Structures are given as structure tokens and as C-alpha cells.
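J.: Dropping a structure here in C-alpha cells format, bear with me for questions.
The values are calculated or read from the model by the stated rules, or taken from the named source; none is laboratory data. Not measured: the values here are computed from a predicted model. We place every Cβ from the backbone using ideal geometry, glycine too, and count neighbours over all the protein chains shown.
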Amino acid sequence: MTKPTNNLSTSSAESKIANIAFIGAGNMARSLMGGLLKQGYPAENLACSDPVEASLEAVAALGAVTTSTSNADVIEHADIVILAVKPQVMKDVLTPLQNILIAKKPLLVSIAAGLACDSLQGWAGKDVPIVRCMPNTPALLQVGATGLYATNKVSAEQQKMAEVILSAVGIVVWVAEEAELDAVTAVSGSGPAYFFLLMEAMQAAGQQLGLSAEASAQLTQQTALGAARMALESDVDVAELRKRVTSPNGTTQAAIESFQANDLSRIVDQALQAASDRSQALAKELA
Ligand SMILES: NC(=O)c1ccc[n+]([C@@H]2O[C@H](COP(=O)([O-])OP(=O)(O)OC[C@H]3O[C@@H](n4cnc5c(N)ncnc54)[C@H](OP(=O)(O)O)[C@@H]3O)[C@@H](O)[C@H]2O)c1
């Protein structure tokens, strides 16, 4: 994980605060803006566009962010443009903005799942710097995990700014090759659903063993939180943590042996491979 910095300026020499424009005022954009404002980012340096007034009102409720129904208006003075629209509408969003983007070359930060840099570059224009991100849903609670990839047009300073923005909703990890974002998608992008699936199964199994639905859900959810916190806060890896809670001939060992007999590692390998394959296929479909 790369440690986030608090450098929010476009140039350390000028110390100018970067103007950030969000295209799309949906869940992710609101979460990112909320996170930035909470960290003290000035509202006057944030702008957001969306065709729906009600979505813009929800943004305005976060603070004195400039809002507009025109994408062209909000990017006019932007150093960074966050593309926070669904992948399916990205081409229609970027193509009409191409002239401004080529002239001003703001940093484009795309959070759209599955859209490759080649496609974005084709719609935004040659030479426009692009950072492609793969965030996950817990970003909505500011405990997300985001993988980031920068094209070779992105400066070190711009990389730092992208990192600061995504760090407002959780941790960030840079990858050196764009193809690694398929693995990020398989691990953290889709990852929350794997834990929900395991939690669903544990809740149902707890009920089978005689617990009420409510008790089984409470115990499962708090156990997931506790295990995640132990993994994050411990100075040993998860394999060691598992060994430490597995007494010889105890209850945990009985359960772990049952998981291993059913080849849990192979099941997980296959599931993540399927997610990665689907991520590659989606990029082709969206190109
Ligand atoms: N939510 C997540 O957990 C998550 C995780 C990883 C990645 N992402 C990515 O983040 C992006 C945003 O996701 P989201 O959950 O925030 O989606 P969302 O809530 O649907 O937000 C997208 C917003 O863009 C607006 N929009 C549509 N067309 C537009 C246009 N031409 N110009 C400007 N704005 C336009 C939409 O308005 P309408 O509602 O009127 O269409 C909506 O308000 C997606 O690309 C998604 O793949 C999301």
C-alpha cells in the first residue's frame, strides 16, 4: 500500500489548490466529495455536473460545491476531472468534451469499472493524462480499497493528487500494469460480495445449529469485523493468526479440516479466476 500524503496542491512551488470537477453526482462521486470535504478540502475547489437536478441538490447538501447540469462548464477550470458515471455512458460523456480536454489536458481519473485506458484515451483525446481506478463498494462508507493505474502521460505530481482523492474513501494500491486491474477487480472489486456470501452461509449454518436468525446474524457480522480488524492491526500474517486460534483437537481445527477436505483454496482460486476473466471480457465489450 502506498502511504497517502496530504499534498493537495497542483504545484508545490505555486501551492495552488487543485480544482477538481466530478462528472456524475451519483453514489461514488458523493462519497468522494464527502471524504474530501471531511479532510478539509475547500468546497470552492470542487465542482460537479449531472443531468439530474435532484442529484446535484444532494451534492450541494454536502457543502458549497459548485454544481451544473453542463459537463463542459464544470471542466472548464478543472485541474482534475473525476469520471464518476456508469461505464455504458462514458463514450457519450467524453466525446463532446474532447476539444476542451485536448486543449487543457486536465488529469482524468476514471472510476468506471472495466473501462480500459485505450478506450478512455480514444474518447478523451490523445495525450490527455489518465488514471484508471478500481474502487469497491465499502468506499461508500469510506473504508474502501482502490487499485490505481496511471498511463505514461501522468506526472508524479498528478499521481500524488489522484492518490489523495481516492484516499478520501479508503486505502489505495498502485499497480504497474493495467492488466493487474483485472486481479484488483477479482480480489477487492468483487471481494465484498465473497465475504457477504460466506457470512450468509455462516448465518444460515448458525440457525441450523439452533440460534435465532438475529443472534446468528449479529454473531457472524461482529466476528467478520473482529477478524478483519485483527488482520489489519496485527504484525503477523493471516495464516499465523489462524494457527493461533486453532488449538490442537479443538473446535476450530475440526471446522478448518472440514474446509480443507472440501478444497477451499481451489474453490477460491477458481472463483477469482472467473472474476478476472469476466473483467477482461467486459473491457472488450465496453471498448
Ligand atoms: N458504487 C460502487 O460501489 C462502485 C464501485 C466501483 C466502481 N464504481 C464505478 O463508479 C462509477 C459511478 O458509480 P455510482 O455507483 O456512483 O453510479 P451512480 O450512482 O449511478 O452515479 C452515476 C451518476 O452519473 C450520472 N450521469 C448519467 N449520465 C450522465 C452524463 N451524461 N453526464 C453527467 N452525469 C451523468 C447519473 O445520472 P442518472 O442517475 O440520471 O443516470 C448518476 O447520477 C461507475 O462507473 C461504477 O462502475 C462504483
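J.: Does any residue of the stretch 96-111 turn out to be more than 10 Å from the ligand (Cβ to nearest atom) and farther than 23 Å from Ala150 by Cβ?
T.: yes
J.: So, of the residues in the stretch 67-84 that are part of a strand (DSSP E or B) and under 22 Å from the mean Cα position of the chain (by Cα), which turns out to be farthest from Ser55 (Cα to Cα)? Can you show your working first?
T.: Taking the stretch 67-84 and keeping what is part of a strand (DSSP E or B), we get 67-68, 80-83.
When the remaining residues are screened for being under 22 Å from the mean Cα position of the chain (by Cα), the result is 80-83.
Values: Ile80: 21, Val81: 18, Ile82: 16, Leu83: 15 Å.
Among those that are part of a strand (DSSP E or B) and under 22 Å from the mean Cα position of the chain (by Cα), it is Ile80.
J.: Turning to a different aspect of this structure: Within the stretch 4-19, does at least one residue satisfy the condition of being within 16 Å of the ligand (Cβ to nearest atom) and at pLDDT 95 or above?
T.: no
J.: Follow-up question, since we're still on this one. Taking only the stretch 120-142 into account, find how many residues are of a type outside the set (S, T, N, Q) and within 12 Å of the ligand (Cβ to nearest atom).
T.: Summing the residues that are of a type outside the set (S, T, N, Q) and within 12 Å of the ligand (Cβ to nearest atom) in the stretch 120-142 gives 9.
J.: Give the stretch 143-169 a look and list any residue that's without any contact (Cβ under 8 Å) to a residue 60 or more places away in the chain, within 16 Å of the ligand (Cβ to nearest atom) and among the polar types (S, T, N, Q), or say none.
T.: Of everything in the stretch 143-169, just one residue is without any contact (Cβ under 8 Å) to a residue 60 or more places away in the chain, within 16 Å of the ligand (Cβ to nearest atom) and among the polar types (S, T, N, Q), namely Thr146.
J.: Here is a further query. List, please: which pairs have Cβ atoms under 8 Å, are six or more places apart or on different chains, and start with a residue in the stretch 83-95 that is in the same structural domain as Leu120 (by TED's automatic domain parsing) and end with one that is outside any helix (DSSP H, G or I) and of a type in the set (Val, Ile, Thr)?
T.: Leu83/Ile23; Leu83/Val109; Leu83/Ile111; Ala84/Ile23; Ala84/Ile111; Val85/Ile23; Val93/Ile23; Val93/Val85
J.: Working only within the stretch 209-227, note down all residues that are surrounded by 13 or more Cβ atoms within 10 Å (Cβ to Cβ) and part of a helix (DSSP H, G or I).
T.: Listed by number, the residues that qualify are Ala215, Ser216, Ala217, Gln218, Leu219, Thr220, Gln221, Ala224, Ala227.
J.: Here's another thing I want to ask about it. Quick check: is even one residue across the stretch 65-72 over 20 Å from Lys153 (Cβ atoms), surrounded by 17 or more Cβ atoms within 10 Å (Cβ to Cβ) and away from the ligand (no atom under 12 Å from the Cβ)? Give the steps one after another, and end with the answer.
T.: So in the stretch 65-72, the residues over 20 Å from Lys153 (Cβ atoms) come out as 65-72.
Then drop every residue that is not surrounded by 17 or more Cβ atoms within 10 Å (Cβ to Cβ), which leaves 65-67, 71.
Then drop every residue that is not away from the ligand (no atom under 12 Å from the Cβ), which leaves 65-66.
Yes, there is a match, as at least one residue in the stretch 65-72 is over 20 Å from Lys153 (Cβ atoms), surrounded by 17 or more Cβ atoms within 10 Å (Cβ to Cβ) and away from the ligand (no atom under 12 Å from the Cβ).
J.: Here is a list: Leu62, Leu36. Which entry is buried (at least 24 other Cβ atoms within 10 Å of the Cβ), away from the ligand (no atom under 11 Å from the Cβ) and not acidic (Asp, Glu)?
T.: Residue meeting the stated conditions: Leu36.
J.: Moving on to the next point. Looking at (1) without any contact (Cβ under 8 Å) to a residue 12 or more places away in the chain; (2) of a type outside the set (A, V, I, L, M, F, W, C); (3) over 30 Å from Gly114 (Cβ atoms), which is the only condition Thr220 fails?
T.: (1)
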